Amino acid sequence: NAGVTQTPKFQVLKTGQSMTLQCAQDMNHNSMYWYRQDPGMGLRLIYYSASEGTTDKGEVPNGYNVSRLNKREFSLRLESAAPSQTSVYFCASRGQGSYEQYFGPGTRLTVT
Amino acid sequence: AQSVSQHNHHVILSEAASLELGCNYSYGGTVNLFWYVQYPGQHLQLLLKYFSGDPLVKGIKGFEAEFIKSKFSFNLRKPSVQWSDTAEYFCAVNRPSGYSTLTFGKGTMLLVSP
């Protein structure tokens, strides 16, 4: 039981490049979330998916898109990376009837 | 909008000192409350949570937190810290309805010196 997994662990992009961060969970959870963590800012919600087939914007969605590919997978895409998107990105999931979120190990992204 | 305030950004303690980290939230309705911990280089782990019932909740590694509804507070405590408690601590709140999104505080970095 791996819980929540994320790939890649590290990534360096140049301004304007695109990439997709992958997240998968094996806990049969309905809800999945993408956060970014910046020093002194805590975690801020980018997008979430309450269930397969639905996605909604969080606090800081600009510059990102998401896809809930199936119940297990929730990807985050940066179409044209900017230095302001340098951050650590965490994926999380939550089971139905539970309020607790389980977090993945994170992806450290640097945009130069 | 709901917000979560953590009083201290950085705390430095010696081993065996007592710890209290403050957390206040702004939402007036029913809330669920969490403390997460992030050890250096690791992902967030749940320390403890409060949904209802006894306002004093106990978590892992000797941590506890007290929910005081009248003060909109959920402070984290530990009687005697260890060097291994060095980490960043996040308070988080959600509303038990809708899509249950979490709002996090900005975090408190705790450094425990041996």
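Give me the tail of P(r) for chain B as a percent: Cα-Cα pairs with distance above 21 Å.
So the portion of pairs separated by more than 21 Å is 32 percent.
Quick one: order A:THR110, A:THR86 by neighbouring beta-carbon count within 10 Å, fewest to most.
In increasing order of surrounding Cβ atoms, one gets A:THR110, A:THR86.
Please give, to one decimal in nm, the separation of the simple spin-label points placed at A:THR7 and B:TYR27, each 7 Å out from Cα toward the Cβ.
Spacing of the two 7 Å Cα→Cβ label points: 3.5 nm.
Assuming a viscosity of 1.306 mPa s and a temperature of 10 °C, what translational diffusion coefficient in µm² per second does Stokes-Einstein assign to the range A:1-46, Rh being the Kirkwood radius over Cα pairs?
After rounding, the answer is 123 µm²/s.
Relative contact order of chain B: what whole-number percent is it, with Cα pairs under 8 angstrom and at least 6 residues apart? Intermediate results must be reported in sequence, preceding the final value.
On the way: 279 pairs, mean separation 42.6, N = 114.
Computed value for chain B: 37 percent relative contact order.
So what is the relative contact order of chain A, in percent, for Cα pairs below 8 Å that sit 6 or more residues apart?
36 percent
Using the number of other C-beta atoms within 10 angstrom as an exposure proxy, rank A:ARG77, A:ARG72 with the fewest first. Intermediate results must be reported in sequence, preceding the final value.
Values: A:ARG77 13, A:ARG72 17.
Going from least to most buried by this count: A:ARG77, A:ARG72.
I'd like the mean, over residues of B:42-50, of how many other protein chain beta carbons sit within 10 Å of each residue's own Cβ.
Averaged over the peptide's residues, the number is 4.
I want the local charge near A:MET27. Using Cβ-Cβ distances under 12 Å, sum +1 for each Lys or Arg and -1 for each Asp or Glu among the other residues.
+1
List the aspartates and glutamates whose Cα lies under 13 Å from the Cα of B:LYS58, skipping any in the same chain that are fewer than 8 positions away.
Within the straight-line cut-off, B:LYS58 pairs with B:GLU66.
Under 8 Å for C-alpha pairs, at least 6 residues apart: give me the relative contact order for the range B:6-64, rounded to a whole percent.
Details: 52 pairs, mean separation 12.7, N = 59.
The value is 22 percent.
Starting from the alpha-carbon convex hull of the protein assembly as shown, give the projected area averaged over all orientations, in nm².
Answer in nm², one decimal: 12.4.
Would you calculate the separation in nanometres between label points at B:HIS10 and A:SER51, each defined as 7 Å from the Cα along the Cα-to-beta-carbon direction?
Going from the B:HIS10 label point to the A:SER51 one covers 4.7 nm.
Any read-out appearing in this document is the output of simple, stated calculations on the displayed coordinates, not a laboratory observation. Not measured: the values here are computed from a predicted model. All Cβ positions, glycine included, derive from the backbone under ideal geometry; neighbour counts span all protein chains shown.
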